[in-house]
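Visitor: Here it is: the structure, laid out below.
The values are calculated or read from the model by the stated rules, or taken from the named source; none is laboratory data. The model shown is predicted, which means the values in this text are computed figures rather than measured ones. Here the Cβ positions follow ideal geometry from the backbone for every residue, glycine too, while neighbour counts run over all protein chains shown. When the accessible area is computed, the model is the full protein with side chains, heavy atoms only, and any ligands, DNA or RNA have been set aside. Shrake-Rupley method; radii C 1.70, N 1.55, O 1.52, S 1.80 Å.
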Amino acid sequence: MFSSLAETPNNICGVSLIASGSSTPHQRLTNDQIGMRVETDDSWIRSRTGIGARHVVGSHESLSGLGYAASANALAMAGWDPESLDLIVLATSTPDDLFGSAPKVQAQLGAINAVAFDLTAACSGFLFALVTAAQYLRVGAMKRALVIGADQLTSWVDWDDRRSCVLFGDGAGAVALEASHFKNDDILGFQLKTDGSRGESLNLPSVPNLNPLIDGISYQKGCFSTIQMNGQEVYKFAVREVPLILEKLLLKTSVKTEQLDWLLLHQANKRILDSVAERLSIPSHKVLSNLSDYGNTSAATIPLMLDEAVRDGRIKSGNLIASSGFGAGLSWGASIFRWKGPV
Ligand code: UT7
């Protein structure tokens, strides 16, 4: 890591996406199996969401464990020594330590020269973290970063609420970023947005749990509810805001939709993916989706999908990708980037 900006060659660098990794829990829960718990069935879930199964963190597994496994896979693809990392940003809303899970991942990796911290922006978290990490590289302050999206929402859903419990699953994905010459910047542009006034459409609030401390003084013991979601409101928000932010970004970056190789959206609902693609006139064969196998893994969906498509050869070096994340906050964001791959 450069110790001061003055030492950098020109202070403005580009950013390359070098490698990816992912990890999902061992346990797989099908739609039919959810039907054994609440009144629902495979055909309703598939037709309304595109989801067929999801993975659920079980015994001997954890959020930081998934983040570590995804990161180790990305480092192996990049061929990087963990000690060469300067930065680890872990996007998660479900840390296994409220003070942050990123340092745990750092320790497991042996990334002794990196600084590691969590970033919370729900299902938009990966894109927010990608943009955040890219800024450290751009100004020349750091050279190598790992951006992780990981979530374990199955711990926070109400498993008796069929309107929401069918949607979510657990997983982690990671992307390795490297500073490059400023002329070779592979992140062509980004837009990030939040609107807290609409936050109640999807949230996971703390609940008042007042306890007496001593005479005349009480304290609020930490306690959270389960996921609260107005599905129809979130659906309307997504199909309205995601095409808009992508259209603006395409304009800003002077990229034409025909130039895009892939549309990589937060995997929330197949109907949302189809609607956004139709609005942008992007043909369905360019729309990446693995909802049927994993459901909505929140901050993990984008890097999990990216890694799958990189490893099976769909995403090739030089491919141009438009990506958008959206969800609780409400938050949403988009980025257009080029995949470089290992060098
Ligand atoms: O990262 C962002 C996370 N959130 C989202 O992406 C949520 C976005 N919203 C959605 O994906 C959709 O709104 C849902 C998939 C959640 C729901 O689909 P919908 O087409 O909006 O269904 P709905 O809420 O309008 O419900 C239609 C019917 C209702 O029955 P009645 O009142 O018409 O008799 C529900 O009770 O479907 C019923 N229903 C179910 N039936 C079987 C709701 N959930 C289920 C279920 N199984 N799991």
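Visitor: Considering only protein heavy atoms and a probe of 1.4 Å, how much of the accessible area of the chain is carbon and sulfur, as a whole percent? Show your work: numbers first, answer last.
Guide: Numbers: 7760 of 15110 Å².
Ligands and nucleic acids excluded, carbon and sulfur give 51 percent.
Visitor: As a test of the definition: which semi-axes, in Å, follow for the chain when you take the square root of five times each eigenvalue of its alpha carbon gyration tensor? Largest first, please.
Guide: Details: eigenvalues 189, 133, 75 Å².
Equivalent-ellipsoid dimensions as semi-axes: 31, 26, 19 Å.
Visitor: Here's a follow-up. Accessible area per residue, 1.4 Å probe, Å², for segment 141-265: what's the number?
Guide: Working: 6540 Å² over 125 residues.
Heavy-atom SASA per residue in segment 141-265 reads 52 Å².
Visitor: My understanding is that a pair violates if its Cα-Cα distance is over 26 Å; which of Lys193/Lys316; Lys104/Lys193; Lys143/Lys248; Lys256/Lys340 do that in this structure?
Guide: On the way: Lys193/Lys316 29 Å; Lys104/Lys193 29 Å; Lys143/Lys248 30 Å; Lys256/Lys340 20 Å.
Going by Cα-Cα distance, Lys193/Lys316; Lys104/Lys193; Lys143/Lys248 fall outside the 26 Å limit.
Visitor: Quick one: 3J(HN,Hα) in Hz for segment 241-249, Karplus 6.51/-1.76/1.60 with θ = phi - 60°, rounded, Gly and Pro as x.
Guide: Each residue of segment 241-249 in turn: 7, 5, x, 4, 5, 5, 4, 4, 5 Hz.
Visitor: While we're on this one: Counting only Cα, what are the radius of gyration and maximum Cα-Cα distance Dmax of segment 205-269, in Å?
Guide: Using the Cα atoms of segment 205-269, the pair Rg, Dmax is 22.0, 69 Å.
Visitor: Right, next: Counting only the backbone N, which residues of segment 265-290 are under 19 Å from the spot 7 Å out from the Cα of Lys252 toward its beta-carbon?
Guide: The answer is 265-266, 280, whose backbone nitrogens lie closer than 19 Å to the label point.
Visitor: For Asn184 and Gln228, calculate 0.36 nm times their separation in residues minus their Cα-Cα distance, and state this gained length in nm to one decimal. Intermediate values should be presented prior to the final figure.
Guide: Working: separation 44, 0.36 × 44 = 15.84 nm, distance 4.29 nm.
Roughly 11.5 nm would be gained on extension.
Visitor: Go through 135-143, 328-336 and give me the packing order, highest mean Cβ count within 10 Å leading. Each step should come with its number before you reach the end.
Guide: Values: 135-143: 18.9, 328-336: 24.8.
Highest mean packing first, the order is 328-336, 135-143.
Visitor: Rounded if a/c is under 1.5, else prolate if a/b beats b/c, else oblate: with a ≥ b ≥ c from the C-alpha gyration tensor eigenvalues square-rooted, which is segment 90-135? Write down the numbers at each step before the final one.
Guide: On the way: a/c = 2.73, a/b = 1.28, b/c = 2.14.
Oblate, since a/c reaches 1.5 and b/c is not below a/b.
Visitor: Taking a probe of 1.4 Å, how large is the accessible area per residue of segment 28-137, in Å²?
Guide: Details: 4620 Å² over 110 residues.
Using a 1.4 Å probe on heavy atoms only, each residue of segment 28-137 averages 42 Å².
Visitor: Additional query: Just report the Cα centroid separation between segment 123-174 and segment 248-294, whole Å.
Guide: Answer, in whole Å: 19.
Visitor: If you restrict to DSSP beta bridges whose two residues both lie in the chain, what percentage is antiparallel, to the nearest 5? If you can, show how the numbers build up before the last one.
Guide: Details: 44 of 61 bridges.
Antiparallel: roughly 70 percent of the beta bridges in the chain.
Visitor: In Å and from the alpha-carbon atoms only, list the Rg and Dmax of segment 9-75.
Guide: In Å, with Rg to one decimal and Dmax whole: 18.6, 62.
Visitor: Give the Rg/Rh ratio for segment 1-143, taking Rg as the radius of gyration of the Cα atoms and Rh as the Kirkwood radius, to two decimals.
Guide: Working: Rg = 18.7 Å, Rh = 17.3 Å.
Radius of gyration over Kirkwood radius for segment 1-143 works out to 1.08.
Visitor: Pop out the Kirkwood hydrodynamic radius of segment 126-221 from its pairwise C-alpha distances, inverse of mean 1/r, in Å to one decimal.
Guide: 17.7
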